[in-house]
Structure formats: C-alpha cells, structure tokens
1. Taking the alpha-carbon centroid of each part, what is the distance from the stretch 168-205 to the stretch 100-117 in angstrom?
2. So between F150 and I274, what do we pick up on full extension, going 0.36 nm a residue minus the alpha carbon distance?
3. Between K41 and K132, what is the label-to-label distance in nm when each label sits 7 Å out along the Cα-to-Cβ direction?
4. Taking the chain as a Gaussian network, Cα atoms linked when under 10 Å apart, which of E275, E223, E36 shows the biggest mean-square fluctuation?
5. Measure off 7 Å from each Cα along the Cα-to-Cβ vector at D83 and I110, then give the distance between these two points in nanometres to one decimal.
6. Report, in listed order, any pair from K132/K154; K238/K264; K20/K187; K41/K283 with a Cα-Cα distance greater than 25 Å.
7. Give me, ordered by chain and number, the residues 5 or more places off A188 or on other chains with an amide H under 5 Å from its own placed amide H.
8. How big is the equivalent ellipsoid of the stretch 2-118 along its three axes, where each semi-axis is √(5λ) from the Cα gyration tensor, reported in whole Å from largest to smallest?
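The numbers here are math on the coordinates, done by the rules we state, and not lab data. Since we're looking at a predicted model, the values are computed, not measured. Cβ atoms come from the backbone with ideal geometry, glycine included; neighbour counts cover every protein chain shown.
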Amino acid sequence: MNIVINPTKCTATSITASNKIATWISSLLNIRLVDEAQKAKKALDFDIDKVIVVNGMFGFCDFRDEIAKLCRKAKEVIWVGNDYAIKLPSNLNFLKHDSKFRRIAQYSNIGNFQNHQYLDFNKLLHWQGKQKNYLHQGLFYYGAFRKDRFPSFKHWLSKSDVQIHVSTAINNFAGFSDINPEMKLYKAAGDIRKVLHQFQSSIYIEDEYSHKTLMSPANRFYEVIGAKILMFYDVKSKNTLEHAGFWHDDFSVQNIDEVKEKLKDYDSLRKKQIEMFDGKDFKKELEQEFLKII
C-alpha cells in the first residue's frame, strides 16, 4: 500500500498549502490520505511500499510516533517540502542517511541531502480569475509579518504618496502599523482570491534568505497572477523569477517612487502581464512534472 501523510487534518475548505498538496497528491495518485491518528494506526496493519510525507505543522500533530513507524516500515519514503523553514521533525531524522529516503522540494538542496529533486509545488495555487475593475488604488500586500521580510516591509510599505493596503492576521497589525501608521489594514479572512481583484496592484517580495538561495515563486505569485491585477516585481526577486521563467523588466521596481511612476501606465502594463500568462495551465504543468519525478 502507498500512502500520503499530512501532520494535520485536511479539510475541503483549508487554505494551508501543505493540506492542499497532500489532498492533491492523494487524488492524483489515488492513494490513501493519512491525516489523523486513527488513520495512521489503521495503516500500520498493512505492508507499506511508499510513504509520501508532506511538510506541515508537526507541532500540532498527535500521531508523530505512528508516522515514524510507518516510515520505518516503508520501502521508500519521500519528503515533500514546500517551505524551507520546515525541517524534518526530530523523530524522523533517522531518514536523512537512509538510502530509501529522498526529498522533493521547491527549494535548492538545503542541508545537502543525498537524494534531492526540485519541484515548484506552488503552481498548485494558480487559478484563472476574471479581469475586473479595482476598487482601491495603490499597492496591496498580504501575508504574515515575517522577520526575514522586515527589511522589505520597511522599504516598500513605509509612508509614501502611494496608498498602501495590507491584509494580515490581527496579531500582525501592530508590526505593520509601526512601519506605516497610515496604511490601510484588513483582517485576513477566508479565500484571498475573493478580494484580490479589489486592489489596483500588488508587490512581489520575498525573504532575505530567498535572495541568495534557489526557491520557487511563493503562493502569492500564482494567486495574484490568477486574479489578473498588476503585480510589480521587487528587483531583489530577480533570481527567483528569472529561474522560474517569469522575469520581465517592465514589471521590475526598485522603490516606491518607481511604483508611483509605473502606475501612470497601469492599463498597458496590466494588459501586458495578463497576456504574458494567458493560457498557462500551471496545475497541469505541476501534475506532469510530479508524475515524471515520482
């Protein structure tokens, strides 16, 4: 039997990337999804050929011992990495030097694993929205208040002539407000795809760590592209976007003044970007790439 493991329960409405990936793998390969203790204990009664473990919130997992047992029983174990900050949990460290173990991840070979392959799982987040008129002028950003992104937050979201909009969890409001008390803050709730079209433009920024390490574009890249609003590229993200084949100088900006200037040419830039990604089926690409690797 082959199984895919997610450390927390997957639900139909979950927006957590690891949950989406685990559900997608289970459906694509037609294998059992193990996402709770009872299912893990039941799976232990079978002979296990392949175990695919999706990185996730292991701190909230109540069947870590069962996961370790399933991995020890398996003939092959694959770690799916979609977040470089999530490491193998301590009770799975024994896998690192086991020949039956390999990692498929959307980042370069961090940690120098013996068997490592690169794959952009964030393509799964792409969608095809409808082109709509925006309601709010300026620049929109959404996501957590990540420490490794703080220099970029200060650079792009500080007080300026461009109206700044940020959607985030309430506990992040203070951090963003300290950078710019005049920015408009929105409580993150539900599916971001339902509100993206309300904003004139967005900015693609990344962690400082990503500037010097090969990463795939973040979820936000595919979500914003799907919403068909204009997305500017922080010039520091060139390595990431160029590797993915998405870089274009017309969307590149070095500072907020360049954003302000390029917004004057909003309609033509937006049209060009929409045409650049028109007809792309990133989910199908991911499916073909994953099946080839797996």
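1. Value for the Cα centre distance between the two parts: 34 Å.
2. Here the answer is 41.7 nm.
3. For K41 paired with K132, the spin-label model returns 4.6 nm.
4. Sorting by GNM fluctuation, first place goes to E275.
5. 1.1 nm
6. Flagged as over cut-off: K132/K154; K41/K283.
7. T168, A169, I170
8. So the three semi-axes of the stretch 2-118 are 19, 17, 13 Å.
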